[in-house]
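The values are calculated or read from the model by the stated rules, or taken from the named source; none is laboratory data. A quick note: this is a predicted structure, and the numbers were derived from the prediction, not measured. FYI the Cβ positions are ideal-geometry reconstructions off the backbone, even for glycines, and counts take in every protein chain you see.
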Amino acid sequence: MRLEGKKALITGGSAGIGRSAAILFSREGAKVAVNSVSNRGQTVVDEITASGGKAIFVQGHVEKVEDARSMVKHTIEAFGGLDVLVNNAGIVTPGRVDDSPIEEWDRQMAVNARGVFLVSRFAVEHMLAHGGGSIVHNASIAGVKGLKDRAGYAASKGAVVALTKSMALDYIDKKIRVNCVNPGTTLTPSLEGRIAAFDDPVAAKKMFISRQPMGRLGEPDEIASAILYLASDESSFVSGAILNVDGGLTI
């Protein structure tokens, strides 16, 4: 029960890493607000409550000011506070600088970077007034390692890595810890969809695996476990950390 009594908000919690984190947080004793842009987040909430946990669904776009404000507000109203924020929502589209549609670049920067800033802003306001908290950003190894044909994605995740360090310094004396997890290639529904879009999905999956020093892809539960560590009091002496959970890909 590493999060017993904690109140948490997880953005992008309807699938993949976000879903795994929401279920794990509940299992560890937290009340969990699950955010997603579609009503699929309610399915995760139903799964949690069916197992005896406490959860609510907060729909909204993280990159929209009023949505970000509302999801934090509703979490606080439902649970009586907010102790943990996991900024997990994110999107990825391929492209180089010369061929990326400008609207796709802007969309990735909006969701992946602006969204982290906005939800953090409203969460921090509450945490400053109520004795602190823990914030975990879910970025990517793309934020610290160049990836071919992922210019916008890498730029947006690099912004999250840098923001983590600045936020950690800004609030270190306010009992707000800010850390970041950088997943490697993880077998989420998003990745499965991209693999399925290849002419030869079997060969595509083998290609993704061939880049991995461990010889396999990551699992969402493995990333969720790292997020749990940084969210919990087990990491009470950790702030500003950039934790690569990538099967050795950045070695």
In this structure, is ALA110 part of a helix (DSSP H, G or I), surrounded by fewer than 19 Cβ atoms within 10 Å (Cβ to Cβ) and in contact with a Ser or Thr (Cβ under 9 Å, 6 or more places away or on another chain)?
-> yes
All-but-one check, ASN244 against (1) assigned to a helix (DSSP H, G or I); (2) modelled with pLDDT of 95 or more, failing number (1)
Strands (runs of 3 or more DSSP E) completely within region 1-65 that count 2 or more residues being under 14 Å from the mean Cα position of the chain (by Cα) | 7-10, 31-36
Residue in region 17-31 that is over 17 Å from ALA226 (Cα atoms) and either touching a residue at least 12 places away in the same chain (Cβ under 8 Å) or in contact with a Cys (Cβ under 7 Å, 6 or more places away or on another chain) (or both) present = yes
Note on LEU82: of the conditions (1) among the hydrophobic types (A, V, I, L, M, F, W, C); (2) surrounded by 19 or more Cβ atoms within 10 Å (Cβ to Cβ); (3) in a helix (DSSP H, G or I); (4) over 16 Å from the mean Cα position of the chain (by Cα), unmet is (3)
Would you tally the residues in region 1-14 being at pLDDT 95 or above and either surrounded by fewer than 23 Cβ atoms within 10 Å (Cβ to Cβ) or touching an Asp or Glu at 6+ places or on another chain (Cβ under 7 Å) (or both)?
-> 7
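Within the group VAL92, VAL45, VAL62, which residue is in contact with a helix residue (DSSP H, G or I) (Cβ under 7 Å, 6 or more places away or on another chain), modelled with pLDDT of 95 or more and of a type in the set (A, V, I, L, M)?
Working: VAL92 fails: modelled with pLDDT of 95 or more; VAL45 fails: in contact with a helix residue (DSSP H, G or I) (Cβ under 7 Å, 6 or more places away or on another chain).
After applying the criteria, what remains is VAL62.
If a residue must be farther than 26 Å from GLY29 by Cβ and crowded, with 19+ Cβ neighbours inside 10 Å, how many such residues does region 85-99 contain? Explain how you work it out, then say what you get.
If we filter region 85-99 for residues that are farther than 26 Å from GLY29 by Cβ, which is where we start, we get 90-99.
Still in the list and also crowded, with 19+ Cβ neighbours inside 10 Å: 90, 92.
Here the count works out to 2.
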Residue check, GLY193 against (1) part of a helix (DSSP H, G or I); (2) modelled with pLDDT of 95 or more, all met but one. Which one?
-> (2)
Assuming HIS130 fulfils every condition listed in (1) under 30 Å from MET214 (Cα atoms); (2) surrounded by fewer than 19 Cβ atoms within 10 Å (Cβ to Cβ); (3) more than 16 Å from the chain's Cα centre (by Cα) apart from one, which condition is it?
-> (1)
Return the total of residues in region 210-240 being surrounded by fewer than 17 Cβ atoms within 10 Å (Cβ to Cβ) and in a loop (DSSP other than H, G, I, E, B).
-> 11
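Could you tell me whether SER120 is surrounded by 21 or more Cβ atoms within 10 Å (Cβ to Cβ), assigned to a helix (DSSP H, G or I) and in contact with a strand residue (DSSP E or B) (Cβ under 7 Å, 6 or more places away or on another chain)?
So SER120 fits the description; yes.
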Give ILE172, ILE176, ILE141 a once-over and let me know the one that is crowded, with 17+ Cβ neighbours inside 10 Å, more than 15 Å from the chain's Cα centre (by Cα) and either of a type in the set (Lys, Arg) or on the phi < 0 side of the Ramachandran plot (or both).
-> ILE176
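Can you go through MET127, MET207 and tell me which one is farther than 21 Å from THR93 by Cβ and either not small (Gly, Ala, Ser) or not in a strand (DSSP E or B) (or both)? Working first, answer last.
Numbers: MET207 fails: farther than 21 Å from THR93 by Cβ.
Within the list MET127, MET207, the selection yields MET127.
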